[in-house]
Amino acid sequence: MMRTASLPYNLYLIGFMGCGKSSAASYFHEKYDMPVIEMDEEIVRKTGMSIQDIFRTRGEEAFRQMETALLRELGTVRNTVISCGGGAAMRAENVKLMREGGKIVLLTAKPETILERVRNDSSRPLLEHHKNVQDIAALMEKRRPAYEAAADFSVATDGKTEKEIVAEILRTAAGN
Ligand code: S3P
């Protein structure tokens, strides 16, 4: 049976690459019939370029500007789960836009879990040549303060199913 969730705001999923934002977002769509926007996919669609190509030919700064422009555009949507790129919450301007649009949910995972999830993936320029626990842990630590400051609440994903993660998000968002 299809459950539905209808929220008068958006849920912005933030967190490190491989923390499970996209999987949780898909589950929201499949099981709760909620609209989902994948920021990376949206940028790829708009530019007709892959994330790697954008980083390589236009540079990271240009990509970051595209993220901000997209979040601004999304200001009018509601009841939508927005799966944010892992770096999106690093900019105060982006966090402000997210806060205006809804609740910000930080998904976390241990570096070991992240490594397992990204090991065979080559679509993330920032992880090329850094697919080891030490480098992942170092970048994660660098980002942690910004992630935590941005989040309304956080959910640890290690060892949990998508069903459990999404149930926890909805339960916590309701009382938050
Ligand atoms: C990035 C995360 C990626 C993508 C880009 C940069 C980051 O998104 O936006 O490669 O800076 O953490 P995911 O978190 O969906 O992998």
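For Ile82, the residues whose amide H sits under 5 Å from its own are Leu11, Tyr12, Leu13, Ile37, ignoring neighbours fewer than 5 places away on the same chain, with H placed 1.01 Å from N. Neighbours of Pro125 by Cβ distance under 15 Å: Lys/Arg scored +1, Asp/Glu scored -1, total -3.
If you take every residue apart from Glu38 with its C-beta less than 11 Å away from the C-beta of Glu38, what net charge results, scoring Lys and Arg +1 and Asp and Glu -1?
Values: positive: Lys21, Arg45; negative: Asp40, Glu41, Glu42.
Result for the neighbourhood of Glu38: -1.
Computed from the C-beta positions of Lys142 and Asn79, the FRET efficiency with R₀ = 30 Å rounds to 0.35.
A straight line joining the Cα centroids of the range 69-87 and the range 4-59 runs 8 Å.
Given the options Leu107, Leu115, Leu13, state which has the largest fluctuation in a GNM of the chain using a 10 Å cut-off (strictly under) for Cα springs. Most flexible of the set in this elastic network: Leu115.
222 nm [θ] for the chain, helices only, -39500 (n - 2.57) per DSSP H run of 4+, per residue, to 500?
Numbers: 7 runs with 84 residues, N = 176.
Theoretical 222 nm ellipticity from helices: -15000 deg cm²/dmol.
Result for the chain in a Gaussian network model with C-alpha springs under 10 Å: among Arg56, Arg91, Arg124, the largest mean-square fluctuation is at Arg56.
Once the 1.4 Å probe is applied to the protein heavy atoms, the range 32-116 comes out at 47 Å² accessible per residue.
Whenever you get a sec, compute what percent of the accessible area on the range 38-176 sits on carbon and sulfur atoms (1.4 Å probe). Don't skip to the end; give the middle numbers.
On the way: 3620 of 7330 Å².
Percent of accessible area from carbon and sulfur atoms in the range 38-176: 49.
Taking only the C-alpha atoms of the range 1-120, Rg followed by Dmax gives 14.4, 46 Å.
The values are calculated or read from the model by the stated rules, or taken from the named source; none is laboratory data. Since the structure is predicted, the reported quantities are computational estimates derived from the model, not experimental observations. Cβ atoms come from the backbone with ideal geometry, glycine included; neighbour counts cover every protein chain shown. The area values use the complete protein model at the heavy-atom level, side chains included, leaving out ligands, DNA and RNA. Shrake-Rupley method; radii C 1.70, N 1.55, O 1.52, S 1.80 Å.
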